[in-house]
Amino acid sequence: MFPVVVVHGGSDMVPKERSENSKLGVCSAARAGYAILRAGGSSMDAVVEAVSQLENNPYFNAGCGSVLNIRGEVEMDAIVMDGKTLGSGAVSAVRNIANPIQLARLVMDKTSHVCLTAKGANQFARSMGVAEVPPESLITEYARMRWTKNLAPGTDTGESQMGKMG
Amino acid sequence: TVGAVAVDSEGNVACATSTGGLVNKMEGRVGDTSCIGSGGYADNQVGAVSTTGHGEAIMKVTLARLILFHMEQGQSVEAASDLGLAYMESRVGGLGGVVTVDPQGHWAARFSSSQMAWAAAQKDTLHYGLLTGEEFTQSI
């Protein structure tokens, strides 16, 4: 059995000018996860590291680079699961957190719950000493452009979402 | 959306998935990512899956757990991933992509959408791609 890590970005259309950076991003994340495995680290450590790198990469819709909701704000979801124990942790609609995946892992490791949402998730983050970041730090020009485009007069926001991937 | 699955040297599997959701989504909308069995699932007895795509469609078929069900029935990681995605498309009209591993270290990156950036590292080799059927390799 050979250790392996596999990572992915979104399944939405990637504009041509962003495709090279998308490929570089997943390759870099896979290398980071694999380095942990090769050093004898756990699969959980590997996936959290890989996803944290992708959250920090503005070319992906997670963490910094997240798309905006109808109010022009960032709300993020994340989950981790450990195949050994079936332990899992998740957060949803969480704001102002650079790495929601690490918060999801804290939900798994430090609580008896499976998912914390919205203000409760942020309250939990504070109790764990997870630093909140300014909302603007998670918003890229590209995300703001897409948001603005979808707000254009005549755009049916609900309909425009139908063909888009989360 | 971004995600990862892995198998370590002890045969333990894990998954992680994270997302900002849908462009211009309603405030409070939560998709598949944080839902266990939809955005991801991991079980040492079967394997691990992380998903991306139409969140509401993924939730309706609990895509990650569905793929592991097919693996429990004897399907390979690749065939199980394709079966899950095909069922989602035919049953609820949703498209998406997944990465899947089993505890033996077999892996797959499959998608029914036109694109999904993916990469896999094993045996000091990096595999990656973006378009359907695309796979490049390089030494790590």
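Restricting segment A:3-19 to residues that are surrounded by 13 or more Cβ atoms within 10 Å (Cβ to Cβ) and not aliphatic (A, V, I, L, M) leaves a set whose member that is farthest from the other protein chains (Cβ to nearest Cβ) is A:R18. When A:L86, A:L54 are checked against the criterion of being surrounded by fewer than 19 Cβ atoms within 10 Å (Cβ to Cβ) and facing chain B (nearest Cβ under 7 Å), a single residue qualifies: A:L86. Could you tell me whether B:G53 is facing another protein chain (nearest Cβ under 7 Å), touching a Gly at 6+ places or on another chain (Cβ under 9 Å), in contact (Cβ under 8 Å) with a residue 60 or more places away in the chain and surrounded by fewer than 24 Cβ atoms within 10 Å (Cβ to Cβ)? It is false that B:G53 is facing another protein chain (nearest Cβ under 7 Å), touching a Gly at 6+ places or on another chain (Cβ under 9 Å), in contact (Cβ under 8 Å) with a residue 60 or more places away in the chain and surrounded by fewer than 24 Cβ atoms within 10 Å (Cβ to Cβ). One residue alone among B:H127, B:H106 is farther than 23 Å from A:R18 by Cβ, surrounded by fewer than 21 Cβ atoms within 10 Å (Cβ to Cβ) and not hydrophobic (A, V, I, L, M, F, W, C), and that residue is B:H106. Taken as a whole, the condition of being farther than 16 Å from A:D12 by Cβ and either buried (at least 24 other Cβ atoms within 10 Å of the Cβ) or within 12 Å of the chain's Cα centre (by Cα) (or both) does not apply to B:A86. Filtered by the rule that a residue be surrounded by 13 or more Cβ atoms within 10 Å (Cβ to Cβ) and more than 7 Å from every other protein chain (Cβ to nearest Cβ), segment B:109-124 gives B:R110, B:S112.
Among the conditions (1) within 29 Å of A:A121 (Cα to Cα); (2) touching a residue at least 24 places away in the same chain (Cβ under 8 Å); (3) not β-branched (V, I, T), B:L66 misses just one, which is (2). Tallying residues that are facing chain B (nearest Cβ under 7 Å) and not polar (S, T, N, Q) within segment A:89-101 yields 5.
When A:I79 is tested against (1) surrounded by fewer than 24 Cβ atoms within 10 Å (Cβ to Cβ); (2) at the interface with another protein chain (Cβ under 7 Å from one of its Cβ atoms); (3) of a type in the set (V, I, T); (4) out of contact with any Asp or Glu (no Cβ under 7 Å at 6 or more places or on another chain), only condition (1) is not met.
Return a yes/no flag: does segment B:62-73 have any residue that is at the interface with chain A (Cβ under 9 Å from one of its Cβ atoms), over 24 Å from A:C27 (Cβ atoms) and modelled with pLDDT of 95 or more. For segment B:62-73, residues at the interface with chain A (Cβ under 9 Å from one of its Cβ atoms), over 24 Å from A:C27 (Cβ atoms) and modelled with pLDDT of 95 or more: absent. In the condition set (1) over 15 Å from B:A121 (Cα atoms); (2) surrounded by fewer than 24 Cβ atoms within 10 Å (Cβ to Cβ); (3) out of contact with any Ser or Thr (no Cβ under 8 Å at 6 or more places or on another chain); (4) among the aliphatic types (A, V, I, L, M), A:M44 is compliant with all but (2).
No other residue among A:T117, A:T85, A:T140 is under 16 Å from B:E27 (Cα atoms) and either touching a residue at least 60 places away in the same chain (Cβ under 8 Å) or out of contact with any Gly (no Cβ under 6 Å at 6 or more places or on another chain) (or both) apart from A:T117.
The values are calculated or read from the model by the stated rules, or taken from the named source; none is laboratory data. Note that this is a predicted model, so its numbers are computed, not measured. Ideal geometry is used to build each Cβ from the backbone, glycine not excepted, and the neighbour counts take in all protein chains shown.
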